[in-house]
Amino acid sequence: MNKIVVVGCGNVGVKYASELLSTNSNIDELILIDINKEKAMGEAMDLSNTLYCLGLKTVIKAGTYLDAKDAKIVVIAAGVNQNKNETRLDLVNKNSKIIKDITLKIVKSGFNGIFLIASNPVDVMTYLVRKYSKFPAGKVIGSGTMLDTSRLAYLLSHKLDVNIKDINAYVLGEHGDSSFAVWSSAKVGSVLIKNIIPKEELGILEDKVKHMAYKIIELKGETSYGIGMCLVSITNAILNNENKVLVVSSLYDDIYLSMPSVINESGIKGVMKVELTKEEEAKLKNSAKIIRQTIKSLEE
């Protein structure tokens with residue numbers, strides 16, 4: 001049975017649930033959990049009203065942590081949202097306590113599926129979920145820089161006037177200000193992008209990717225559509241056993257950060273080794289250093 005539990009009925013959790021129903025007809029049960037139980041009930045009722053048009057018979061309801069016992073995936077989208085002029089790392093102290101509480105309650109239910117985390121700062125929160133759950137590393141996945149990678153592909157497709165599916169470029173590292181585009185191997189079709197776009201313009205595009213979230217938050221107060229669809233893509237890769245390569249937050253030495261990872265029904269099947277230039281390698285190490293420092297600050 002394909003049962004999904006969503007913890008957190010804010011913009012991200014609800015957009016994810018809606019987009020999941022629109023793209024996957026094999027969801028048997030969708031459970032919504034929120035600290036505001038009435039909101040979870042209202043969202044479940046509202047989402048149920050889409051089933052007729054979608055032709056689905058999915059059971060959608062508000063639930064409790066006990067409902068996670070037989071779920072395949074628990075998606076954690078709970079926590080304090082990023083506000084204007086606030087970085088993702090600014091959220092760490094607030095959200096770390098929330099994530100600990102949620103994780104322990106989910107594990108207590110007897111859950112033995114896959115954790116999928118979207119709460120920010122996502123690399124640190126993913127690390128904490130694994131720490132408190134004691135699950136195998138492959139069964140704890142963070143949305144990571146999949147959203148950053150999606151934004152990069154969007155900008156490149158418009159810049160080059162090509163189909164977005166023909167862009168093959170990754171953003172790696174922290175889902176935050178230290179993320180970086182791997183220009184050394186980025187391609188459109190089979191052509192290296194660095195050979196057709198000047199280096200200065202590549203820097204401008206990378207900067208736009210890093211600041212897109214800040215701009216969206218400034219304009220509408222939150223980001224949810226993009227991350228919602230990224231979570232859907234990861235979910236479907238798990239449920240359909242796709243062995244799909246996605247840039248998610250996965251285990252890197254002793255922490256979590258984003259690398260291209262193979263996703264299937266077991267979670268993260270493996271992490272791909274990417275050939276990086278010395279400059280890119282330094283950027284990856286810098287991202288790892290920032291994440292480690294943030295984790296250390298929580299433990300002090």
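How about the stretch 168-185: which of its residues are outside any loop (DSSP other than H, G, I, E, B) and surrounded by fewer than 19 Cβ atoms within 10 Å (Cβ to Cβ)?
Within the stretch 168-185, just ASN168 meets the criteria.
Looking at (1) out of contact with any Lys or Arg (no Cβ under 8 Å at 6 or more places or on another chain); (2) open to solvent by 30 Å² or more (accessible area, probe 1.4 Å); (3) within 30 Å of LYS278 (Cα to Cα); (4) not aromatic (Phe, Trp, Tyr), can you tell me which one MET212 breaks?
Condition (1) is where MET212 drops out.
I want to confirm something. Restricting to the stretch 141-167 and keeping residues that are more than 11 Å from the chain's Cα centre (by Cα) and outside any helix (DSSP H, G or I), which single residue is surrounded by the most Cβ atoms within 10 Å (Cβ to Cβ)?
If we take residues in the stretch 141-167 being more than 11 Å from the chain's Cα centre (by Cα) and outside any helix (DSSP H, G or I), then ILE167 is surrounded by the most Cβ atoms within 10 Å (Cβ to Cβ).
Under 6 Å between Cβ atoms, at least 6 apart or on separate chains: pull out the pairs that start in the stretch 189-214 with a residue that is touching a residue at least 24 places away in the same chain (Cβ under 8 Å) and end on any residue that is in a loop (DSSP other than H, G, I, E, B) and of a type in the set (Val, Ile, Thr).
ALA213/THR223
LYS69 - would you say it is open to solvent by 80 Å² or more (accessible area, probe 1.4 Å), charged (D, E, K, R) and under 22 Å from ILE238 (Cβ atoms)?
So LYS69 passes the test.
Return yes or no: is ASP123 open to solvent by less than 20 Å² (accessible area, probe 1.4 Å), of a type in the set (Asp, Glu) and in contact (Cβ under 8 Å) with a residue 40 or more places away in the chain?
So ASP123 passes the test.
Among the residues of the stretch 38-56, are any open to solvent by 40 Å² or more (accessible area, probe 1.4 Å), farther than 21 Å from LEU231 by Cβ and assigned to a loop (DSSP other than H, G, I, E, B)?
Within the stretch 38-56, one or more residues are open to solvent by 40 Å² or more (accessible area, probe 1.4 Å), farther than 21 Å from LEU231 by Cβ and assigned to a loop (DSSP other than H, G, I, E, B).
The values are calculated or read from the model by the stated rules, or taken from the named source; none is laboratory data. For clarity, every value in this text was computed on a predicted model and none was experimentally measured. When we count neighbours, we look across all protein chains shown, and the Cβ atoms used for this are built from the backbone with ideal geometry, even at glycine. The protein model used for the area step is the full one, side chains on, heavy atoms only, and it has no ligands, DNA or RNA in it. Shrake-Rupley method; radii C 1.70, N 1.55, O 1.52, S 1.80 Å.
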